[in-house]
Amino acid sequence: MASLSVKPGQRFTMPDWQNNSLLISADAEQQRYNSHHIRQEGRALRNETGNQARWDEHNTRTRLNDRITSVDRWREALARCLTDIDLEIDALTKVKEAAENALQAKNLCLDVAIECLTFRESRRDIDVVRDPVEEELLREVKVIEKIKKELQQRVDEAFKQLCRLKEARQQLSCDHRHKVETLELDRQCVSFNVTSGNISFKVNPTRIPDGTTALREWELNSQCNKDRAEAEMKASVDLRGAITLSIAQTNNELDAQRIATEFALRKRIRDMEGALSELRWQEQNTLEEIAEMEEEIRQLEEDLRKRTLDLKVAHTRLETRTYRPHVELCRDQAQYGLTDEVQQLEGTIRALQQKRTESQDALDALYRQLHRIQTDIGYKTNSLQLDNKCMDTRRKLVIPVEKFEPEVDAVNRTRNLPRNSQLEL
């Protein structure tokens, strides 16, 4: 009879076996459910974090590109401003050199005027007089000294303005250089990606470095640099115009003074003829203006008469409309139009009356001026005749009276004199 080599273990009942199977199946299903839930959460987390990461990277890249555009726009503006300020520095330098050359040229004019005065100091006896020529020479010396002082002041102003321009250019150049460096760094940041070989973890990358400025402060700094440069350029342009004008004015003033020095006096009869011709021209123009003014007054009176009739018509219409019966007496558009017309016509009449008064005053002033001109013409004609008579009377000293028959035009001062006559003063 055979026997068991191993003692049998504990025996389970069938319900235990079935419960164990059911428990294993339930645990398996629960684990699969948990695993599936975790897989779904992981997938959702991966999608969310991946999308967030891509969006953040896209947003960062967009902001970097916007920043690059903003910095590049300021760089271009500063570059244009640098070009303009360089051109302005060159232009102001040339104008400053022109002012220095003009200042140097005035030394010769001053030496000539002083030498002329020195020569005239050698006059003797009664000839040592303070004549118009000496007065013009002394005035010329004063004019040249004043011109030199003004030109020296302009040169000093140009030098100071050049210093301010160069200082503003230095600030612009520094700002422009910093923006170029910033553009290189930001463009390098845009080029970084996950496959770049020079990316790595950094120690405390989110720290705020020392010297960090706010965006508004950054914009104000660039704007202030640009505004200052533009202000200095505007001041330089104004100064260049003032220097150029000063050079032209001083040259014209000196030329006029030299002409006045070289041609000190004209003969009195020639001046009198010129004055008389001018007075007759003024008389003719005044007579023409009087005729035009009288015609204008007539036109004003005619317009005033017409506007008065128009006002009477408007008044009559308004008065007639006051007799409309009962509810018909309303303030309609016609009523408003007539009221506005009356006010407009009254204002027009007042303006025409005022203008007629002003025109009449101007006409009276023209008549007074005409009387003054005609009186002055009579005075100057008499003076010219007296001067010509004096010249003719002086001929009696060398020409017999019976042969002296001058034909004198009191205005043009033309004479038919004997050819062999000689005047001695």
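The values are calculated or read from the model by the stated rules, or taken from the named source; none is laboratory data. Computed from a predicted structure; not experimentally measured. We place every Cβ from the backbone using ideal geometry, glycine too, and count neighbours over all the protein chains shown. These area figures cover heavy atoms from the full protein model, side chains too; ligands, DNA and RNA do not enter into them. Shrake-Rupley method; radii C 1.70, N 1.55, O 1.52, S 1.80 Å.
Residues of the stretch 282-323 that are over 30 Å from Asp376 (Cα atoms), among the acidic types (Asp, Glu) and open to solvent by less than 70 Å² (accessible area, probe 1.4 Å): Glu302, Asp303, Asp310.
Condition check: surrounded by 14 or more Cβ atoms within 10 Å (Cβ to Cβ), farther than 30 Å from Glu289 by Cβ and in contact with a Lys or Arg (Cβ under 6 Å, 6 or more places away or on another chain). Does Leu338 satisfy that?
It is true that Leu338 is surrounded by 14 or more Cβ atoms within 10 Å (Cβ to Cβ), farther than 30 Å from Glu289 by Cβ and in contact with a Lys or Arg (Cβ under 6 Å, 6 or more places away or on another chain).
Of all the numbered requirements in (1) open to solvent by 70 Å² or more (accessible area, probe 1.4 Å); (2) part of a helix (DSSP H, G or I), Asp210 misses one, and that requirement is (2). Take Leu23 and tell me if it is farther than 20 Å from Val194 by Cβ and open to solvent by 90 Å² or more (accessible area, probe 1.4 Å). Judged against the criteria, Leu23 is a match.
Any residue that is under 30 Å from Asn285 (Cβ atoms), modelled with pLDDT under 85 and out of contact with any Pro (no Cβ under 9 Å at 6 or more places or on another chain) - is there at least one of those in the stretch 362-376? Yes.
Do the conditions hold for Glu294, that is, is it over 30 Å from Arg139 (Cα atoms) and at pLDDT below 90? Taking the combined requirement at face value, the residue does not satisfy it.
Residue-by-condition table, conditions (1) loosely packed, with under 13 Cβ neighbours inside 10 Å; (2) outside any helix (DSSP H, G or I):
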position	(1), (2)
Asp186	no, no
Thr195	yes, yes
Lys202	yes, yes
Trp218	no, no
Ser222	no, no
Ala235	no, no
Ile243	no, no
Ala256	yes, no
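Residue pairs whose Cβ atoms lie under 9 Å apart, separated by 6 or more positions or on different chains, with the first residue in the stretch 177-195 and within 17 Å of Arg75 (Cα to Cα) and free of Cβ contacts under 8 Å to residues at least 24 places away in the same chain and the second open to solvent by less than 90 Å² (accessible area, probe 1.4 Å) and part of a loop (DSSP other than H, G, I, E, B), do not occur.
Glu135 fulfils the conditions (1) open to solvent by 90 Å² or more (accessible area, probe 1.4 Å); (2) at pLDDT below 90 except for a single criterion, (1).
When Leu304, Leu309 are screened for being under 48 Å from the mean Cα position of the chain (by Cα), under 30 Å from Ile290 (Cβ atoms) and not basic (Lys, Arg), only Leu304 passes.
For the stretch 319-344, a residue qualifies if it is more than 25 Å from Thr308 (Cβ to Cβ) and in a helix (DSSP H, G or I), and the qualifying residues are His326, Val327, Glu328, Gln333.
Scan the stretch 58-92 for residues that are among the β-branched types (Val, Ile, Thr) and surrounded by 14 or more Cβ atoms within 10 Å (Cβ to Cβ) and jot them down. Answer for the stretch 58-92, where residues must be among the β-branched types (Val, Ile, Thr) and surrounded by 14 or more Cβ atoms within 10 Å (Cβ to Cβ): Ile68, Val71, Ile85, Ile89. Every condition in (1) at pLDDT below 90; (2) under 30 Å from Glu76 (Cβ atoms); (3) open to solvent by less than 70 Å² (accessible area, probe 1.4 Å); (4) not charged (D, E, K, R) is met by Ala231 except one, and the failing one is (1).
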